[in-house]
Amino acid sequence: MRSRDTLLRLARFKLQERQRQAMGLESMIAEFLRKQDDLDALISAEEARSGVTDPEHFNYPTTAKAARARRDNLLASVADLNDQLAEVRLAYSDEEAELGRLELAAEKTDTRSVPSASAATVSLMR
């Protein structure tokens, strides 16, 4: 009985930990996308200021080049974080199924012990 309770608590903890991981990854992705939007605005402002929009042009602003590189790195990071998020969601669904199996087994064990207790109660009532 104790080991079953321990297994249930462990399974619930793992499930909550996966939820925390997913929430953390989602917030990081959102933050990176906000930064990407800021960098896009910076790139547009620099291009408008200089009048050069071709990154290969010799007079293209250095600030815009650096912002483009940083934006590209952020987008690569977002792609990696999305992959990690997919893995965490898959692990979450697996652990959720495992918790369901453990809870079902615990419920079956509890229902088996309940009829014998109710039979004793009925015999006391007679």
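Scanning segment 51-62 for residues that are free of Cβ contacts under 8 Å to residues at least 12 places away in the same chain and under 20 Å from K35 (Cα atoms) gives a single hit, T62.
Of all residues in segment 84-98, how many are touching a residue at least 24 places away in the same chain (Cβ under 8 Å) and either outside any helix (DSSP H, G or I) or among the hydrophobic types (A, V, I, L, M, F, W, C) (or both)? Don't jump to the end; show me each part of the working.
Taking segment 84-98 first, the residues touching a residue at least 24 places away in the same chain (Cβ under 8 Å) are 84-85, 88-89, 91-92, 95-96, 98.
Of the ones still in play, those that are also either outside any helix (DSSP H, G or I) or among the hydrophobic types (A, V, I, L, M, F, W, C) (or both) are 85, 88, 91.
The qualifying residues number 3.
For the residues K108, K35, K65, the requirement of being in contact (Cβ under 8 Å) with a residue 12 or more places away in the chain and assigned to a helix (DSSP H, G or I) singles out K35. For A67, the stated conditions do not hold, so it cannot be described as surrounded by 10 or more Cβ atoms within 10 Å (Cβ to Cβ), of a type in the set (A, V, I, L, M) and modelled with pLDDT under 95. When segment 20-38 is filtered for residues that are surrounded by 15 or more Cβ atoms within 10 Å (Cβ to Cβ) and closer than 21 Å to E95 by Cβ, the ones remaining, listed by number, are Q21, A22, L25.
With respect to the conditions (1) modelled with pLDDT under 95; (2) aliphatic (A, V, I, L, M); (3) surrounded by 11 or more Cβ atoms within 10 Å (Cβ to Cβ), A117 falls short on a single one, namely (3).
Is it true that V52 is more than 30 Å from R9 (Cβ to Cβ) and outside any helix (DSSP H, G or I)? Yes: the conditions hold for V52.
The values are calculated or read from the model by the stated rules, or taken from the named source; none is laboratory data. This is a predicted model, so every value here is computed, not measured. Every residue, glycine as well, gets a Cβ built from its backbone with ideal geometry; the counts of neighbours run over all protein chains shown.
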